[in-house]
Amino acid sequence: MKRLLNRCRSIGRAAAALTTCGLLLCQSPVQAGGPIRVGGATFGIQGQPFVWDPAAMPVKYRVDPGPLSKRPDGTVVIDHAAGVARVKSLFDTWQNVPTAAISYGNIGDILPAPPYTGGPVGTAQNFIAVFASCDAGTQSPIIFDADGSIFGGLGLPRGVIGFAGACKLDPVNGRFVSGLAALNGRFQDGFSASQLTAAEFDHAFAHEFGHFSGLDHSQINVNVLSGQPRACNLDDLAGLPLMFPILFCQARSAAGLPVLAPDDMAWISRLYPVTGSPPPGKTLTSSAYGTISGKVLFTDGITQAQGVNVIARQVGSPRTIAVSVVSGYLFTGNPGQTVTCLDPSNPTTATCANLGSRFGSHNPALIGQYEILLPPGNYTVEVESVFAAFAGGSRLGPLDPPIPVPGTFANTGPMSVSAGAMVVQDITLQGTPQRFDAFESAALQAPAAPMAWLRREEFLTEKRRA
Amino acid sequence: MSVHTFIAVRGWTASRLRKQLFQAGCVLLLVVLAAGSLPAQRGAITLPQNLDKLVEEAAIIVRGHVVSAGVEPHPELANLSTLVVTLRVEETLKGQASSTFTFRQFIWDVRDRFDDAGYYKGQHLLLLMIKPSALGLSSPAGLEQGRFRIVRNPEGNLVAVNSHGNAGLFHELAPQLRAKGVPLAPRLAALVEQPTPGPVPLDDLRKLIRLLAGSK
């Protein structure tokens, strides 16, 4: 009887776990601690990050013919030429990574898109027309809202500095087709309230151009949040990714650091590896990076854990040289289902509202998978929770909201990483709740087998005996 | 458009934050789980604004439940996707609103078009909305900062949290209130003097908003 009760409790826990997972995962369009989009079962290439077409470099963008910033009285503060140079410099930040095969090219002024006929975009109506052309994949515009009037016309609040990202995606090949960035020059006019320094403005848009290029947020040295804003420890700042979700510290360049942290450089190299014969100024990615990869597992050593931030830190420089990824970054737990469609026999977007996320692999082998590109050296690997406030627009990783790490893990010992080599290191969390779900039982299934949860107990018992 | 809200959180008095980070994270997690996911308008870089600035910019502040939310073309600009949200108003904290309140918001991120930027029927919200533009478009002040989900915490009390986890919401608010001569009850004073990231009691937030709205 007691055993039966224990079984019932186990089932109850399993049901609760499933419910929790359902709540979490069904709300999780996939993003990652690396790529911002991952292809799904029917959209893009399943399990592969969306990227700009490597065979069609450079990424071609067009720039607003007007000034970047002007005061309310019309005085130009940053003229067009300086604005174009600023944009180029921000893109160059990413292009200059020697192990990344991405480049950007300004191919001229923004194309007319009726009723916009050319010249400074300047108004919300013109912006909307240009935006539509981006949506159609016609062009990738960089728009200067010199005095904030475009943003005002769009009903955006005063505090919006800008926005950026992809407009159109190629659902077959998993490519970005077009993208857009809009920069609010009001924050650089030296006159309006809430001015930003040039370093802060550039830092913000270098980050945005990271998103434009396909990168998601990263979390390393999150302890900076317990310090004073704009006064972060230089070691922490050196390792803090440009793609950290919150501008909490001083701008990296203002502290004499390169704009990109090791994490940023590793991930742009992961998305756009240099292969074959490197062009001048570029280096084979495989000759400059090795990899640590594996799975994050629950204590049972079977169940994979998604949403755990994994950080590899270089021995001797743990704060400054570190690269991270969120486990399960390629996977979506929201594959959809058709059971509750209004018309189950005809499951279409019109009859179902539960077709799941278009993004992220449905392969359960990837639930706890992680992979970190690293410069050669000795590294330890650690895990941590994604900071709970990193949700919504500041989200990080495949789960929104994030979850606490379901157990503990002592850092690994040092591991040697060599260029071009891969080190496999699974991470088994300790003290996790018991787990049971459809995915973990899949490996144990056999024809005419007893219920999976019974067989799981047998499996574990045998494992313990062995 | 890509995911992103770039927050600059300035001036947290922070040695205590280290100790409270984990606790706050756990509490916040429970709340956001209860609130559902927090997808919000993505891809924007916004300046951090404290509650005073948000209230100042808001033309109307309402609390209520979402009756409907959906993406539809702008009535005059057919190629512009807009989000239209209607609330059943239960309380107006600033400005004038009738029993229902509808706003139309510009959205640029392709994901926002699929999930109505995280608005859904039945959602309980406190919204600090700016004055609509000539095109009839409006947004919460500070975008995600002026959009609070209201949920019950594990103790059963109503709390409010924005998509920044309320980070920076009370930053430098205490001196601003003092400068305006706004008196605070001890409980509210403690809240603004020693802010921690995470949800705040709805009643406290309402009282603060009323005080700030009345002090203008």
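The values are calculated or read from the model by the stated rules, or taken from the named source; none is laboratory data. The structure displayed is predicted, hence computed values, not measured ones. Cβ coordinates were reconstructed from backbone atoms using ideal geometry, including for glycine residues, and neighbour counts include every protein chain displayed.
Within the stretch A:136-149, work out how many residues are outside any loop (DSSP other than H, G, I, E, B) and surrounded by fewer than 24 Cβ atoms within 10 Å (Cβ to Cβ).
1
Can you name the number of the only condition in (1) more than 28 Å from A:Q48 (Cβ to Cβ); (2) part of a loop (DSSP other than H, G, I, E, B); (3) at pLDDT 95 or above that A:T320 fails?
The number of the failed condition is (2).
From the list A:L169, A:L154, pick out the single residue that is among the aliphatic types (A, V, I, L, M) and farther than 19 Å from B:A141 by Cβ.
Only one candidate qualifies: A:L169.
Name every residue in the stretch A:224-237 that is in contact with a helix residue (DSSP H, G or I) (Cβ under 7 Å, 6 or more places away or on another chain) and either within 14 Å of chain B (Cβ to nearest Cβ) or surrounded by fewer than 17 Cβ atoms within 10 Å (Cβ to Cβ) (or both), in order of residue number.
If the condition is that a residue be in contact with a helix residue (DSSP H, G or I) (Cβ under 7 Å, 6 or more places away or on another chain) and either within 14 Å of chain B (Cβ to nearest Cβ) or surrounded by fewer than 17 Cβ atoms within 10 Å (Cβ to Cβ) (or both), then A:V224, A:L225, A:S226, A:C232, A:L234, A:D236 are the ones that fit.
Only residues that are in a loop (DSSP other than H, G, I, E, B) and within 12 Å of chain A (Cβ to nearest Cβ): list them for the stretch B:122-131, please.
Answer for the stretch B:122-131, where residues must be in a loop (DSSP other than H, G, I, E, B) and within 12 Å of chain A (Cβ to nearest Cβ): B:I130, B:K131.
So which residues in the stretch B:41-62 are among the small types (G, A, S), over 13 Å from the mean Cα position of the chain (by Cα) and modelled with pLDDT of 90 or more, if there are any at all?
The answer is B:A59, and nothing else.
Criterion first (assigned to a helix (DSSP H, G or I), under 25 Å from the mean Cα position of the chain (by Cα), modelled with pLDDT of 95 or more and surrounded by fewer than 24 Cβ atoms within 10 Å (Cβ to Cβ)) does A:A82 satisfy it?
Answer is no for this residue.
If you go through the stretch A:414-426 one residue at a time, do you hit one that is free of Cβ contacts under 8 Å to residues at least 60 places away in the same chain, more than 30 Å from B:L169 (Cβ to Cβ) and away from chain B (no Cβ under 14 Å)?
Looking for residues that are free of Cβ contacts under 8 Å to residues at least 60 places away in the same chain, more than 30 Å from B:L169 (Cβ to Cβ) and away from chain B (no Cβ under 14 Å), one finds at least one in the stretch A:414-426, hence yes.
Checking the conditions here, which among A:G155, A:G190, A:G165 is within 12 Å of chain B (Cβ to nearest Cβ), on the phi > 0 side of the Ramachandran plot and assigned to a loop (DSSP other than H, G, I, E, B)?
None of the others qualify; the one that does is A:G155.
Being on the phi < 0 side of the Ramachandran plot, more than 9 Å from chain B (Cβ to nearest Cβ), of a type in the set (A, V, I, L, M, F, W, C) and in contact with a strand residue (DSSP E or B) (Cβ under 9 Å, 6 or more places away or on another chain) narrows it down to one of A:F201, A:F212, so name that one.
The unique qualifying residue is A:F201.
Could you check A:A182 against (1) in contact (Cβ under 8 Å) with a residue 60 or more places away in the chain; (2) more than 7 Å from chain B (Cβ to nearest Cβ); (3) buried (at least 21 other Cβ atoms within 10 Å of the Cβ) and say which number it fails?
(1)
Give me a count of the residues in the stretch A:134-151 that are of a type outside the set (F, W, Y), within 21 Å of A:S69 (Cβ to Cβ) and in contact with a strand residue (DSSP E or B) (Cβ under 9 Å, 6 or more places away or on another chain).
Qualifying residue count, the stretch A:134-151: 8.
From the residues in the stretch A:298-332 that are surrounded by fewer than 23 Cβ atoms within 10 Å (Cβ to Cβ) and of a type in the set (A, V, I, L, M), which one is nearest to A:V97 (Cα to Cα)?
A:I321
So, in the stretch B:97-112, exactly how many residues are out of contact with any Lys or Arg (no Cβ under 8 Å at 6 or more places or on another chain) and at pLDDT 95 or above?
So the count comes out to 5.
Please enumerate the residues belonging to the stretch B:60-86 that are outside any strand (DSSP E or B) and more than 11 Å from chain A (Cβ to nearest Cβ).
B:P75
All but one of (1) part of a loop (DSSP other than H, G, I, E, B); (2) crowded, with 24+ Cβ neighbours inside 10 Å; (3) small (G, A, S); (4) at pLDDT 90 or above hold for B:A134; which doesn't?
(2)
Given A:A100, A:A113, which one is at pLDDT 95 or above, under 30 Å from the mean Cα position of the chain (by Cα) and not β-branched (V, I, T)?
Just one listed residue meets the conditions, A:A100.
Just a yes or no: is a residue in the stretch A:126-133 touching a strand residue (DSSP E or B) at 6+ places or on another chain (Cβ under 6 Å) and part of a loop (DSSP other than H, G, I, E, B)?
no
Between a residue in the stretch B:162-173 that is more than 7 Å from chain A (Cβ to nearest Cβ) and any residue that is among the polar types (S, T, N, Q) and not in a loop (DSSP other than H, G, I, E, B), which pairs come within a Cβ distance under 9 Å, given they are 6 or more apart or on different chains?
B:N162/B:Q145; B:N166/B:Q145; B:G168/B:Q145; B:L169/B:Q145
I want to confirm something. Restricting to the stretch A:238-260 and keeping residues that are outside any loop (DSSP other than H, G, I, E, B) and surrounded by fewer than 24 Cβ atoms within 10 Å (Cβ to Cβ), which single residue is farthest from the other protein chains (Cβ to nearest Cβ)?
A:A238
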